[in-house]
Amino acid sequence: SAIGQQLDSLVDLVAFGVAPAYLLFAVSFHKMPELANVPLGLLPMFAFVASSAVRLAIFNSRPSDDARNFQGIPTPVSALLIVTAILPAHELSYELFTQTWFLCSLSLASSILMILPIPFPSFKSFRTRFGMLLYFGTMSGGLTMLFVGLPGGTLLFGFTSFYVLRGLTEAGWRRVVK
């Protein structure tokens, strides 16, 4: 129903927009509390939530021309990119991923990629059975690794980054070939 679709988008906005933005705020600004009071310091978090809302509105208002592609990265992928970017710092003691400048840059880039009309592969249909097995195997493997205390977040961050870079590369290639 129409109301169900809107409520689903509201839940998606909170789960994939507000929650990652709050996590970003909690991780990046605990080191620099003087920036937490500066509106400019809050811009990446606001941009992430606002872009999530716009992305969901675009998704709801446009009929899908191509079931194999999304226009812009989906909000769950964007949220996964932010959340899993923080995990390598804890899993591998790699502090770059908790640096404020890195997380804010990642948040702004993710915000822009959510609303740009760049086609990204959909997870609703796969071109090959191997692609489907690779996707579900990597996601299941990463989550299983997290549960048993291995660096599954790092695996998921790498997989999510690969997905974004693959979509950008394919879009760039299509522009060159045209």
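What's the number of the condition PRO117 fails, among (1) surrounded by 13 or more Cβ atoms within 10 Å (Cβ to Cβ); (2) in a loop (DSSP other than H, G, I, E, B)?
Evaluating PRO117 over (1) surrounded by 13 or more Cβ atoms within 10 Å (Cβ to Cβ); (2) in a loop (DSSP other than H, G, I, E, B) leaves (1) as the failure.
Go through (1) under 15 Å from the mean Cα position of the chain (by Cα); (2) over 26 Å from ARG55 (Cβ atoms) and name the single condition GLU95 misses.
(1)
In the list LEU113, LEU108, which residue meets the criterion of being touching a strand residue (DSSP E or B) at 6+ places or on another chain (Cβ under 9 Å) and modelled with pLDDT of 90 or more?
When all the criteria are applied, what remains is LEU113.
For the condition of a type in the set (Ser, Thr, Tyr) and either at pLDDT 90 or above or more than 30 Å from LEU43 (Cβ to Cβ) (or both), what is the one hit in THR154, THR144, THR100? Even if it seems obvious, please write down each step before you answer.
Values: THR154 fails: either at pLDDT 90 or above or more than 30 Å from LEU43 (Cβ to Cβ) (or both); THR100 fails: either at pLDDT 90 or above or more than 30 Å from LEU43 (Cβ to Cβ) (or both).
Going through THR154, THR144, THR100 in turn, the sole match is THR144.
Just to be sure before I move on: is GLY142 under 21 Å from VAL54 (Cβ atoms), open to solvent by less than 30 Å² (accessible area, probe 1.4 Å) and part of a helix (DSSP H, G or I) in the structure I sent?
Working: under 21 Å from VAL54 (Cβ atoms): no; open to solvent by less than 30 Å² (accessible area, probe 1.4 Å): yes; part of a helix (DSSP H, G or I): yes.
Taking the combined requirement at face value, the residue does not satisfy it.
Please go through region 141-178 and pick out each residue that is in contact with a helix residue (DSSP H, G or I) (Cβ under 9 Å, 6 or more places away or on another chain) and β-branched (Val, Ile, Thr).
Within region 141-178, THR144, THR154, THR160, VAL164 qualify.
When the residues of region 1-42 are filtered to those that are under 24 Å from ILE58 (Cα atoms) and acidic (Asp, Glu), which remaining residue is modelled with the highest pLDDT?
Across region 1-42, the extreme among qualifying residues is ASP12.
If I ask for residues that are in a helix (DSSP H, G or I) and either closer than 21 Å to GLY152 by Cα or free of Cβ contacts under 8 Å to residues at least 40 places away in the same chain (or both), which ones from region 93-104 would you list?
Of everything in region 93-104, those that are in a helix (DSSP H, G or I) and either closer than 21 Å to GLY152 by Cα or free of Cβ contacts under 8 Å to residues at least 40 places away in the same chain (or both) turn out to be GLU95, LEU96, PHE97, THR98, TRP101, PHE102, LEU103.
What about SER64, is it surrounded by fewer than 19 Cβ atoms within 10 Å (Cβ to Cβ) and either modelled with pLDDT under 80 or among the aromatic types (Phe, Trp, Tyr) (or both)? Reasoning before the result, please.
Values: surrounded by fewer than 19 Cβ atoms within 10 Å (Cβ to Cβ): yes; either modelled with pLDDT under 80 or among the aromatic types (Phe, Trp, Tyr) (or both): yes.
The answer is yes for SER64.
Just to verify a result, which residue in region 151-168, among those that are of a type outside the set (Gly, Ala, Ser) and free of Cβ contacts under 8 Å to residues at least 12 places away in the same chain, is least open to solvent (accessible area, probe 1.4 Å)?
Taking the candidates together, the pick is LEU165.
Please work out if LEU133 is open to solvent by 80 Å² or more (accessible area, probe 1.4 Å), of a type in the set (A, V, I, L, M) and either in contact with a Cys (Cβ under 8 Å, 6 or more places away or on another chain) or part of a loop (DSSP other than H, G, I, E, B) (or both). Spell out the reasoning first.
On the way: open to solvent by 80 Å² or more (accessible area, probe 1.4 Å): yes; of a type in the set (A, V, I, L, M): yes; either in contact with a Cys (Cβ under 8 Å, 6 or more places away or on another chain) or part of a loop (DSSP other than H, G, I, E, B) (or both): no.
Considered against the rule, which asks whether it is open to solvent by 80 Å² or more (accessible area, probe 1.4 Å), of a type in the set (A, V, I, L, M) and either in contact with a Cys (Cβ under 8 Å, 6 or more places away or on another chain) or part of a loop (DSSP other than H, G, I, E, B) (or both), LEU133 comes out as no.
The values are calculated or read from the model by the stated rules, or taken from the named source; none is laboratory data. If you're wondering where the values come from, they're calculated on a predicted model, not measured in any experiment. Positions of Cβ are backbone-derived with ideal geometry, glycine not excepted, and every protein chain shown enters the neighbour counts. All accessible areas refer to the heavy atoms of the entire protein, side chains included, with ligands and DNA or RNA removed. Shrake-Rupley method; radii C 1.70, N 1.55, O 1.52, S 1.80 Å.
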